[in-house]
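The values are calculated or read from the model by the stated rules, or taken from the named source; none is laboratory data. The model shown is predicted, which means the values in this text are computed figures rather than measured ones. Note that each Cβ is placed from the backbone with ideal geometry, even for glycine, and that neighbours are counted across all protein chains shown. Remember, those area values only see protein heavy atoms, side chains included, never the ligands or the DNA or RNA. Shrake-Rupley method; radii C 1.70, N 1.55, O 1.52, S 1.80 Å.
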Amino acid sequence: MKLLKKILRWVLSIFFGSTILAVVGLRFIPVWVTPLMVIRCCQQVSDGKGLKLSHDWVSLDEISPSLPVAVIASEDGRFMEHHGFDYKAIEHAAKRNREHPEKRKLGASTISQQTAKNVFLWPGRSWVRKGFEAYFTVLIELLWSKERIMEVYLNSIEMGDGIYGAQAVAEEHFHTDAKQLTKAQCALIAATLPNPRKYSSKSPSAYMLKRQKRILREMQYVGTFPAKK
C-alpha cells in the first residue's frame, strides 16, 4: 500500500508539473503542431488520401482585427467576461437539448475550452477528455492573457480539410494574408467553425451566406479586440 501511494504521488507530481510547465511554455512559444493535426494526418494516410497539412503561425497583430471579433460574435459572445466557462450558455444549451432532443445537440464550449482541447488534447466526447479539457481551460485562463488565448486559438483552429489557422485559410481560400482578410471574409470563416470540414469558406452554400450575414450583424455589438482602453 505504501508503495502504491508513493507511485501515485510521483505520477500526480509528474502530471501536474509537466502540464503546468507546458502551459507556461506555450504562453511564449508558438504552437507549431497540435494533437488534432497529427490525428488528421494519420486519418488521411489510413484513408489512402494525399497528406495535407497547411499551417503557418502568425502573431495576433498579423491577423485582421475583424477575425477575433467575428469568432467572438459566432462562438463565444462573453469571451472577455468569463473565466473559461460560460455558465449562462451551458444552462441555455442544457435546457434546449432537454426540451428538444430531436434537434442537433447545442454546445456551449467557449473559445478558451476549444483552445485547451485543440492544443493539449484529442477530439472526442468522453467524460475523461472533458475533465482534462476543464483542467487545461483553468490553467490557460490563469496563466495566459485573453489576447494570448485568442492568438493561439486563431492559429490552431481547424478551418478546412487539412487547413489550420488564420494564415493558412487566408492563403488557401482567399489568396491573401491573414492581415488582409476583409470583415466579410472573417465573418465567413467564423461561420464555418461549427464544422469546418463540412462547411467551406471557399465555396459557401446559401446556408453559410445566411450565417455570415448574421455574424456581420452581431460583430457590431462586440466592438474591437482587444478592447480599446
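Numerical summary
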| read-out | value |
| --- | --- |
| Candidates Lys183, Lys146, Lys52, ranked by Gaussian network fluctuation over the chain, Cα under 10 Å, top entry | Lys52 |
| Listed pairs Lys117/Lys213; Lys183/Lys210; Lys183/Lys213 exceeding 18 Å between Cα atoms | Lys117/Lys213 |
| Gaussian network model of the chain, Cα within-10 Å springs - most flexible of Gly162, Gly77, Gly48 | Gly48 |
| Folded to 0 to 90 degrees: helix 127-143 orientation relative to the chain principal axis, Cα | 80 degrees |
| Alpha-carbon Debye profile of segment 139-229, log10 I(q)/I(0) at 0.16, 0.18, 0.19, 0.26 Å⁻¹ | -0.69, -0.86, -0.94, -1.38 |
| Alpha carbon centroid spacing (whole Å) that separates segment 197-225 from segment 1-17 | 48 Å |
| Heavy-atom accessible area ranking, 1.4 Å probe, most first, across Ser74, Ser13 | Ser13, Ser74 |
| Between helix 2-25 and the chain: long-axis angle, C-alpha atoms, 0 to 90°, nearest 10 | 30 degrees |
| Within a Gaussian network of the chain (alpha carbon springs, distance under 10 Å), most fluctuating of Thr110, Thr137, Thr19 | Thr19 |
| Sites Lys202 and Trp122, calculated FRET efficiency, Cβ-Cβ separation with R0 25 Å, nearest 0.05 | 0.40 |
| In nm, spacing of pseudo-spin labels at Leu209 and Asp177 (7 Å Cα→C-beta vector) | 3.1 nm |
| Gained length - Val138 relative to Glu91, 0.36 nm times residue gap less alpha-carbon distance | 15.0 nm |
| Whole-angstrom Cα spans of segment 1-62 along principal axes, big to small | 52, 38, 9 |
| Under DSSP loop assignment and at most 10 Cβ neighbours within 10 Å, longest GluC sites (Glu not before Pro)-free interval of the chain | 103-229 |
| Within the chain: Cβ-based charge dipole about Cα centre, in debye rounded to nearest 20 (Lys, Arg +1; Asp, Glu -1) | 880 debye |
| Rel. contact order, % - alpha carbon contacts under 8 angstrom, at least six apart, the chain | 26 percent |
| Reachable aspartates and glutamates, given that their alpha-carbon falls under 18 Å from the alpha-carbon of Lys198 and they are not under 8 places away in the same chain | Asp47, Glu75, Glu158, Asp161, Glu172 |
| Distance between segment 46-60 and segment 147-193 - C-alpha centres, whole angstrom | 13 Å |
| 10 Å Cβ shell holding at most 12 others, DSSP loop, chymotrypsin sites (Phe, Trp or Tyr not before Pro): longest site-free stretch of the chain | 33-229 |
